[in-house]
Amino acid sequence: MRTIAEYKDRYAGRRFVIVGKGQTRYNYRDLIDVADPVIFVNDAVQFAPLAAHSVERFFFALDERQACWLGEHPEVTPVLAREADDAERDAIHDHQERLFVATCPAAQLHANTVTFEWGGRHLQAQTYNRAAVAMDGRLVLRGGTIHPAIHFAWLCGCSEIAFIGCDGAMGGYDPRIEITSGTPDLQQQRKIRARQDLLLDDLEIDATYVRNTLEPILSRIANFVWLGPKPDWLEHILLAFRTHNPKWYVRLIDEVPNMGGPLNDAVRSCRQICQIADILYCWMLWQDGGIVMDTDSVTLRSFEPLRMRGPAWTTQHNDRGTRPTNGVMGSVSHSSAFERCMDFIDCKAAALSAGLTTWRRCQYGPDMLREVFTDQGDQDMRILPWHYFYPWSFQERDTAAAFWKNGDGAMLDAIQDRFVDGERPFAFHLWG
């Protein structure tokens, strides 16, 4: 068995989905479209097979009667509380169920089972620190299974949760759920929801309560790539993004990861570092979603409005309808757009190896985007307005560089004439 410490920041920047037993209009079959981590609370775990594309599925339970589900879904990671001692049981005076015993017969558990200790009803100062929680191994209890589940999602690095059947508004269990465990409907949803809201506020987690549809949304992950010795100015680029996007996870890739055979082969065939970065961009967006951004792009404001702009997007260089560019791109995890891009990279690398095509500098960047999509994008790839990231053209790169060096005050004045329809750019490119 494992401990919660192994999950600290494992899904930093990713949205979590938590599915409970409450009434909802959501069609559970739509879980097939969810790539985010999903937590199933108690008997709701019966829907876990539907979330086949989730990066990881979890089962949270406190009551011993939920043991009937152990072993039913081997693809799910159980997260269970160790048996509490008598003092802890007495302290949890308003919890009417028996605490789940995570030391139940080994035949009912599998190697991926994660265990945790109780941290009591109230958050302590160290509970706001992920490193301290991971070391201590405790999750909070506030009267419902959902509360340690929320705390665990936060430990994993999430800053937002989409709740299905967890709003406590309609009362009673969803009639589509088979209550195999025999756990009675205690009609305590409103009390549990009130404490749930307090916990979300304490942990600064954004909450969405799904009514009918779970909208796709970009992860709060910003990916930058720099391979080789790091220049001093690089930290200023990262700081600019963090300043305007404090809830985002900023990730600097400084070495090439193992991406699998075909993509690894493509990297080995590259002649320039920028080509390797282009491949990494596509792989990172397909894996985790979020945004990728050239390290010579300077952030000017929050990227939050861009998270709902479609399953995948990019821009063009300027207002003259030139080819799409990859200096800043965004995508949900496992989008069809970047799956197509990775297939293209595989085929292009194989053709280069066989001598069937010629080498081009932008073959995995703008050239690829034009070949896979069009100058106007298609149903998988949306083209955002060029001025979002390229208020100065390549020919104006000296002006862009001077703008950056002028400092924040002068920058605000200078950027005014680069607004389009009154809209301020999200960032600007320095063109190297």
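The figures follow:
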read-out	value
Length gained when the stretch Glu215-Arg397 is fully extended (0.36 nm per residue, less Cα-Cα span)	61.7 nm
Label-point separation, Leu227 to Arg301 (7 Å along Cα→Cβ), nm	3.5 nm
Set of lysines with alpha-carbon distance to Lys247 below 30 Å, sequence-local pairs under 8 removed	Lys8, Lys21, Lys191, Lys230, Lys405
Charge dipole of the chain about the Cα centre (unit charges at C-beta), most positive-ward option of His244, Gly165, Ile150	His244
Dipole of the chain, positive end: most advanced residue of Pro305, Cys68, Gln376 [Cβ charges, Cα centre]	Gln376
Efficiency of FRET from Cβ geometry, Arg424 and Asp346, R₀ 41 Å, rounded to 0.05	0.60
Karplus 3J(HN,Hα) series, Hz, for segment 205-215 with 6.51 cos²θ - 1.76 cosθ + 1.60 (x for Gly, Pro)	9, 7, 10, 10, 9, 6, 9, 10, 10, 9, 6
Nearest-20 debye value, the chain charge dipole, Cβ charges on Lys, Arg, Asp, Glu	360 debye
Amide H within-cut-off set for Gly365, under 5 Å, with H built and near neighbours excluded	none
Positive-pole candidate from Ile276, Gly289, Thr325, dipole of segment 261-328, charges at beta carbon	Thr325
Structure-based [θ]222 nm, the chain - -39500 (n - 2.57) summed over DSSP H runs of at least 4, per residue, nearest 500	-7500 deg cm²/dmol
Of Thr358, Thr180, Thr115, the one that fluctuates the most in a GNM where the chain has Cα springs shorter than 10 Å	Thr358
Accessible area of His110 in the full protein assembly, 1.4 Å probe (Å², nearest 10)	50 Å²
Amide H within-cut-off set for Met259, under 5 Å, with H built and near neighbours excluded	Asn264
Calculated FRET efficiency for the pair Leu356/Ser269, C-beta based, R₀ 22 Å, to 0.05	0.95
Spin-label model distance (nm) - Lys405 vs Glu371, 7 Å beyond Cα toward Cβ	3.9 nm
Förster radius 30 Å - calculated FRET efficiency between His244 and Gln379, Cβ distance, rounded to 0.05	0.45
Probe 1.4 Å - accessible area at Ser335, Å² to nearest ten	10 Å²
Extension gain (nm, one decimal) between Asp33 and Leu234, 0.36 nm per residue minus Cα-Cα	68.7 nm
Amide H partners (placed H, <5 Å) of Val114, local residues excluded	Arg2, Val79, Leu80
List Tyr128, Tyr7, ordered by accessible area with a 1.4 Å probe, largest first	Tyr128, Tyr7
Gain upon complete extension [Thr322, Met135; 0.36 nm per residue less C-alpha separation]	62.1 nm
GNM flexibility winner over the chain from Ser336, Ser353, Ser393 (Cα, springs under 10 Å)	Ser353
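The values are calculated or read from the model by the stated rules, or taken from the named source; none is laboratory data. The shown structure was predicted, so the numbers you read here are calculated from the model rather than taken from an experiment. All Cβ positions, even for glycine, are placed from backbone atoms using ideal geometry, and neighbour counts span all protein chains on display. Just the protein is used for accessible areas: all its heavy atoms, side chains included, with ligands, DNA and RNA removed. Shrake-Rupley method; radii C 1.70, N 1.55, O 1.52, S 1.80 Å.
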